[in-house]
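Structure first, then comments.
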Amino acid sequence: MSEDKHHHIVPYRLYVIVLVALLALTFASIGITSIELGEFTVAAALLFAVVKSALVLTFFMHLKYDKPYIKLMVALVFAIFLIVIVMTFLDYLYRV
Amino acid sequence: MHTTNAVNGANYLTYQGKYKGLLGWILSTDHKRIGLLYLYSIAAMFTTGVLLGLAMKFELLAPGKTIMEAQTYNATFTVHGVIMIFMVVVPGLPAVFGNLMMPIMIGAKDVAFPKLNLLSWWLYVAGVFLVLSALLFGSGTPDTGWTFYAPYSFKSGTNLLPAIFGAFVLGFSSILTGLNFLVTIHRLRCPGMKWTKLPLFIWTLYGTAWIQLLATPVIGITLVLVALERVFGIGIFDPALGGDPVLYQHLFWIYSHPAVYIMILPAMGAISEIIPTFSQKHIFGYKAIIVSTMAIAFVGYLVWGHHMFTAGMSGTAQYYFSLLTFIVAIPSAIKVFNWISTMYKGSINIQTPFYWAVSFIFVFMVGGLSGLVLGALATDIYVHDTAFVVAHFHYIVFGGTGFAFFAAMHYWFPKIFGRMYDKAWANVGWLIFTIGFLALYSPMFYLGMMGMPRRYYDYLEEFHGGNILSTIGSWVLVTGFIIIVVNLIRSARKGEPAEMNPWHSKTLEWTVTSPPPVLNFEKEPVLGEKDGPYNYD
Amino acid sequence: MAEHQHAHVEHPDMYDPESSKIGMWLFIFTELLLFGGLFIVYSVYRYLNPDAFHLAAEELNTFIGAFNTVILLVSSMTIAMSTTALQKGHKKVAIALVVITFIIGIGFLVNKYFEWGIKFSHGIWPGSEQMLNEMSQGEILFFGLYFVMTGLHALHIIVGLIIMVFAIKGVSNGKVNAKRPSLLDNCGLYWHLVDLIWIFLFPLFYLIH
Amino acid sequence: MYSSEITKASNFVQGVDTAFLVIMGISFLFLIGLTVVMLVFIFKYNKKKNPKATQIEGSTKLEIVWTVVPFLLTMLMFYYGWAGWKPMQRAPKDAMEITAYGRMWNFSFEYENGRRTDTLFLPKDQPIKLNLMAMDVLHSLYIPAFRVKQDMVPGKKDNFMWFEPQKVGTYELYCAEYCGLQHSYMYTYVEVMEDSAFQTWIADTTNVAASAAEIDSPAATGKRIMQNIGCFACHTLDGTRLVGPSFKGIWGAEHTVETGRETRQVTVDEEYIRKSIYEPNADVVEGFNKGLMLSYEGQLSDDDIDNIIEYLKTLN
Ligand code: HEA
Ligand code: HEA
Ligand code: CUA
Ligand SMILES: [Cu+2]
């Protein structure tokens, strides 16, 4: 396990594109939450946040160019966190 | 640290690095020296915890006041719990034997980040002193129990902040150790050491490290919130300000349940090394044991609610948490079956570590099976927060992790110190210790079933009999403990020189001299196709 | 055989970029779960007090929040670019980009300072009389969480800035270079983590009303 | 299991004890079985008897067997645990409601007709629903003989437990959640009576703490109120210091208190005592901790306090 020398050089241009996308998403989420969506405001806002964080993870944090096991670890951590939140809500959602 | 002076007669105990004397130890980045530092500091904390435990048992010898006031008693079990959990069994096997042995067992020179490793130890020491400072200064020793349940933990007038902060620092130390081990196991295995050739102890350290990494921050932030609550009254858990005390319990157990697997997994790993060695036989079901290790580490995240069956959770949550609790018991069962099967048709060499391993299996079964009583809804409602729970976790924490610790101690002792202990005394110590253990904790099962609540300074007359037996047991146990410790200390200094591989084991640490040289290997080991940690012939 | 030990005492110099990278990632995981604990608290209380959270969120200034989001995103890009610059061997550009990131980070903190300052001047701070007397329980929780979460986030910004100082130093004296970029890479990773957390904090506190 | 043959004291005993027996039964089977097998192996495959080990790497078939069998057994255990617990979740509509208060460090019970006691009196064969209130910190109401336990959580609404007592007798009731200094003294008794006896008892309102029935002297009434509501958990009459200052010689004494940040001297008079009970944290006696004693506003009426004051006067 020592031939991991390949360094992918990410061109500047890609970063700019990602930034533009992130900014667009930010404004879109501000826009959408200012509309009265009731229940769905939270969902919408979170959805945008998830997409944005996925962009940051894949490009800014180079996950796209990393080995599969690092991707796997990141996925695992988010999965565990999700499960923990869901399990906590098993309590709160069903309280009488 | 790039010293190039020739090291004379150098093993890790005697070499002289950049610093002399004590400094050469407490500033050393050698994983083995750090392991020994942990051993000594944990042993010191452990002795403190034991003394507090004895004091509690003495108090419970008879109803009414025996030797201390109620406030003292409450502080005693709090400090006893905090010391034993956060300072002894959580760091216990990983920090001591993980540090001492793990890099050698995978054929590495050291851990991935030696300086960080030293920092972990320093943080451990800092955490210890912070917690202990709560005893000496301020408005009294913390009296909340090791669980720091809200809202009592904001109301108690005692000096809780240093203890909370100390626990936080200890957690940080634990995280860094876990991080270090994970990277080491990923990156520094010697050529040929495939994942499927890793010794099982390493696998359990790997699983443990993940739990340390992913669960500890949750308690960190929870303790921070409690501290902020005490200082600023922000109202996160305070019912008077709208907070929910049950949410505190969720957060606490989201860490503390996985933490019990931090305690037991490396213990299981050590047992998985000892049993094949002394049976001179390939471990039964190597892959099954790996799978069960990772299964425990993962499912361990999903069951924390079983500590809260009476706390006022929703029925749905109680249902699922109970169900999952039973699921997590199965991988443990698989391990027990595989250990026992390993003995089948072996050539068993009965030595001290093996005695400890066998008694480990027994007390672990008792502790684990009593966990099933606690995992079932109806029965837990009945015995929750009674002496039954106290019996359960002493059987499994102290019986499990503690016994495995002693097993590991007697197993790796010749490698660590290069000397052999007196086997006869070691066996006598083991026997007395085990008898005392059974006498100390078994009556608590009975007391719990009779309905005696835990954390009780005083009790009704009807519980007297069981408590007497239990207290006497504690004295027997300590006799055994003293014999063991005296024997080990004496032998570390004056014992017979030990062979390189006294137990004829197959793992890599037995291929280097005892004690191991500074950088572990003269030449980087390479594992061939046929080599493996359990390939006996 | 130990007689002839003449290698380095204690650890040898082991530079392994892959090790430092996973080390950093693992550390990021613990940070994520640290905030994760707070997100659990937040979501539970939000679920229990939807109306109060709604009301309280109106108090926060979406403009400041959005502004901070934008500059943090930009800073994430600049630090990401600096690794590219380093790999291309453009040392000066790399340093300049980190410095820009640093300045933006400071800007974020200055903004936060004013934002908190406004809250304080309205008598809103953890445990203040105003909060205890005039707010509903849900609002107290909201602001309690607001201060804890943005405060902890700001703390991380400060840590990120400190790491940047080391990165700038490393790059300028050549210890961090195209062959050994770990410190700068990790500095970037950490900064993105800070960004990542803000991406969630922003909608949860400023947007949902 | 707390001698279940003798005390089938509530409707839940059966379910809980069955679960206990099933789990314990399976557990003992495994414990003894595995221990015996292990000892046999150690004995039979001892180095002396079996100098050469036979290498076996494992057996997939066995692994499957000992995954599936324990799985089925644990599901059985889960089932019994669930079955014994299920009925505890929903109280019958016709249950008699009693409010149970837990505070540091005693329980008190309030019946539908306003009567308050510190012992729990119950009619036999009548479903009872206890509404659980905690005044300060967590407590847990635990009646081993009934196999019930539920935490009392401050601020939690609709927190209850229910059961049906089925046997006349006196049973212990403990606080099972650690709640500070006197946690181990926070216990009382449950008195299960025949229904008829209970009806006469409950109708007898001469002892209602809050009532104005002045059969006794005010001082005696005051004492009884204080006993019922639990002042003596923290305050003694003989000068010893518990959590709060002793009441010995309190009337008219000069006390140093902290009001806000300043320290001042007060004379214990009517007004001071009233304030101490309604706003205990306004003046905190030197050397004692704030936040432990809670306001009794709403629980003690002005008349009650008059009686208490009369009683405190007698302590000089
Ligand atoms: C090392 C630590 C450790 C370990 C490994 C465990 C393991 C288990 N624990 Fe334990 N537990 C604690 C430490 C530990 N526990 C502590 C410290 C507390 C108290 C905290 C406090 O409140 O202060 C506690 C409390 C606790 C509770 C809460 C009790 C209460 O407060 O009401 C529960 C409830 O479900 C529980 C269950 C279990 C179960 C099901 C397992 C299982 O993992 C056990 C699995 C093992 C076996 C099952 C035995 C081996 C298998 C066989 C012999 C084969 C046959 C098996 C079958 C047929 C299934 N534990
Ligand atoms: C590792 C965990 C551990 C260990 C070893 C012990 C050891 C002891 N404990 Fe335990 N205990 C706890 C963890 C532990 N305890 C916890 C978490 C609580 C709950 C606290 C709370 O409620 O908040 C508790 C609570 C507790 C109570 C209940 C208090 C109450 O509810 O009222 C009592 C009562 O007697 C008690 C007694 C003892 C005694 C007599 C000993 C010992 O004195 C026995 C003597 C032990 C030995 C002689 C050697 C054992 C060897 C090893 C474990 C390995 C050694 C490792 C090294 C040397 C590095 N303990
Ligand atoms: Cu109330 Cu313990
Ligand atoms: Cu648990």
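Can you give me the number of residues within the stretch D:125-142 that are open to solvent by less than 10 Å² (accessible area, probe 1.4 Å) and farther than 22 Å from B:Tyr149 by Cα? Count: 2. Only one of the listed residues (D:Met186, D:Met152) is within 16 Å of ligand 2 (Cβ to nearest atom), within 23 Å of B:Pro239 (Cβ to Cβ) and open to solvent by less than 10 Å² (accessible area, probe 1.4 Å). That residue is D:Met186. All of (1) among the small types (Gly, Ala, Ser); (2) at pLDDT 90 or above; (3) surrounded by 15 or more Cβ atoms within 10 Å (Cβ to Cβ) hold for A:Ala75 with one exception: (3). Checking each residue in the stretch B:136-146 for being at pLDDT 80 or above and either within 15 Å of B:Leu170 (Cα to Cα) or not in a loop (DSSP other than H, G, I, E, B) (or both) picks out only B:Trp146.
The set of residues in the stretch D:109-124 being open to solvent by 10 Å² or more (accessible area, probe 1.4 Å) and either facing chain B (nearest Cβ under 10 Å) or at pLDDT 90 or above (or both) consists of D:Phe121 alone. Restricted to the stretch B:234-253, and to residues there that are part of a loop (DSSP other than H, G, I, E, B) and in contact (Cβ under 8 Å) with a residue 24 or more places away in the chain, the residue that is nearest to ligand 4 (Cβ to nearest atom) is B:Phe237. Within the stretch B:338-347, the set of residues being open to solvent by less than 10 Å² (accessible area, probe 1.4 Å) and at pLDDT 90 or above comprises B:Asn338, B:Trp339, B:Ile340, B:Thr342, B:Met343.
Among all residues of the stretch C:160-182, there is at least one that is open to solvent by 50 Å² or more (accessible area, probe 1.4 Å), aliphatic (A, V, I, L, M) and under 12 Å from the mean Cα position of the chain (by Cα).
For residues in the stretch B:371-393 being more than 16 Å from ligand 2 (Cβ to nearest atom) and of a type in the set (Ser, Thr, Tyr), which is farthest from D:Lys86 (Cα to Cα)? Taking the candidates together, the pick is B:Tyr382.
When the stretch B:184-203 is filtered for residues that are of a type in the set (A, V, I, L, M, F, W, C), open to solvent by less than 10 Å² (accessible area, probe 1.4 Å) and part of a helix (DSSP H, G or I), the ones remaining, listed by number, are B:Ile185, B:Leu200, B:Phe201, B:Ile202. All conditions in (1) more than 11 Å from chain D (Cβ to nearest Cβ); (2) more than 14 Å from ligand 4 (Cβ to nearest atom) hold for B:Ser359, with the sole exception of (1). In the stretch B:299-318, the qualifying residues are those that are more than 9 Å from chain A (Cβ to nearest Cβ) and open to solvent by 10 Å² or more (accessible area, probe 1.4 Å), and the one that is farthest from ligand 1 (Cβ to nearest atom) is B:Val299.
State whether one or more residues within the stretch B:106-122 are within 13 Å of ligand 2 (Cβ to nearest atom), surrounded by 23 or more Cβ atoms within 10 Å (Cβ to Cβ) and either under 18 Å from B:Trp412 (Cα atoms) or not acidic (Asp, Glu) (or both). So far as the stretch B:106-122 goes, no, none of its residues is within 13 Å of ligand 2 (Cβ to nearest atom), surrounded by 23 or more Cβ atoms within 10 Å (Cβ to Cβ) and either under 18 Å from B:Trp412 (Cα atoms) or not acidic (Asp, Glu) (or both). Exactly one residue out of D:Ala83, D:Ala100 is more than 10 Å from chain B (Cβ to nearest Cβ) and not basic (Lys, Arg), and it is D:Ala100. For B:His257, are the conditions met, namely being facing another protein chain (nearest Cβ under 9 Å) and either within 25 Å of B:Trp510 (Cβ to Cβ) or open to solvent by less than 10 Å² (accessible area, probe 1.4 Å) (or both)? The answer is no for B:His257. Pairing each residue of the stretch D:29-53 that is loosely packed, with under 12 Cβ neighbours inside 10 Å with any residue that is of a type outside the set (A, V, I, L, M, F, W, C), provided the two are 6+ apart or on different chains, yields C-beta distances under 9 Å for D:Phe43/D:Lys49; D:Lys49/B:Ser347; D:Pro51/B:Ser347; D:Lys52/B:Gln280; D:Lys52/B:Ser347. For the stretch D:101-123, the condition of being β-branched (Val, Ile, Thr), under 18 Å from the mean Cα position of the chain (by Cα), closer than 29 Å to B:Ala376 by Cβ and not in a strand (DSSP E or B) holds for none of the residues. Consider the stretch B:390-401 and keep the residues that are open to solvent by 20 Å² or more (accessible area, probe 1.4 Å) and within 13 Å of chain D (Cβ to nearest Cβ). The one that is farthest from ligand 3 (Cβ to nearest atom) is B:His392. Comparison of B:Ser173, B:Ser133 shows that the only residue that is touching a Pro at 6+ places or on another chain (Cβ under 8 Å) and more than 13 Å from every other protein chain (Cβ to nearest Cβ) is B:Ser133. So in the stretch B:227-250, with the set limited to residues that are on the phi < 0 side of the Ramachandran plot and among the small types (Gly, Ala, Ser), which one is most open to solvent (accessible area, probe 1.4 Å)? Checking each candidate, the answer is B:Ala240. Here the condition is being within 14 Å of chain D (Cβ to nearest Cβ), assigned to a helix (DSSP H, G or I) and within 16 Å of ligand 1 (Cβ to nearest atom); of B:Met444, B:Met449, it holds for B:Met449 alone. Just the residues that are within 10 Å of chain A (Cβ to nearest Cβ) and outside any helix (DSSP H, G or I), please, taken from the stretch C:165-207. Correct list: C:Ala178, C:Lys179, C:Pro181.
Answer yes or no as to whether B:Val218 is within 20 Å of B:Trp304 (Cα to Cα) and more than 9 Å from chain C (Cβ to nearest Cβ). Against the criterion (within 20 Å of B:Trp304 (Cα to Cα) and more than 9 Å from chain C (Cβ to nearest Cβ)), B:Val218 does not qualify.
Scanning the stretch C:52-65 for residues that are of a type outside the set (Asp, Glu) and surrounded by fewer than 17 Cβ atoms within 10 Å (Cβ to Cβ) gives C:His54, C:Leu55, C:Asn61, C:Phe63, C:Ile64. When we screen B:Phe137, B:Phe129, B:Phe154, B:Phe181 for residues that are open to solvent by 10 Å² or more (accessible area, probe 1.4 Å), of a type in the set (Phe, Trp, Tyr) and farther than 27 Å from B:Tyr457 by Cβ, the only hit is B:Phe129. Looking at the stretch B:402-424, is at least one residue within 13 Å of another protein chain (Cβ to nearest Cβ), within 11 Å of ligand 1 (Cβ to nearest atom) and modelled with pLDDT under 95? There is no residue in the stretch B:402-424 that is within 13 Å of another protein chain (Cβ to nearest Cβ), within 11 Å of ligand 1 (Cβ to nearest atom) and modelled with pLDDT under 95. Among the residues of the stretch D:162-188, those identified as more than 9 Å from chain B (Cβ to nearest Cβ) and over 10 Å from the mean Cα position of the chain (by Cα) are D:Trp162, D:Phe163, D:Glu164, D:Pro165, D:Gln166, D:Lys167, D:Val168, D:Gly169, D:Thr170, D:Tyr171. Can you find even one residue in the stretch B:489-496 that is open to solvent by less than 10 Å² (accessible area, probe 1.4 Å), closer than 30 Å to D:Val13 by Cβ and of a type in the set (S, T, N, Q)? No: zero hits. Residues in the stretch B:450-468 that are among the aliphatic types (A, V, I, L, M) and either modelled with pLDDT of 90 or more or within 16 Å of ligand 3 (Cβ to nearest atom) (or both): 2 in all.
The values are calculated or read from the model by the stated rules, or taken from the named source; none is laboratory data. Owing to the predicted nature of the structure, the values given are computational and were not obtained by experimental measurement. Cβ atoms come from the backbone with ideal geometry, glycine included; neighbour counts cover every protein chain shown. What goes into the accessible areas is simple: the full protein's heavy atoms, side chains included, and nothing from ligands, DNA or RNA. Shrake-Rupley method; radii C 1.70, N 1.55, O 1.52, S 1.80 Å.
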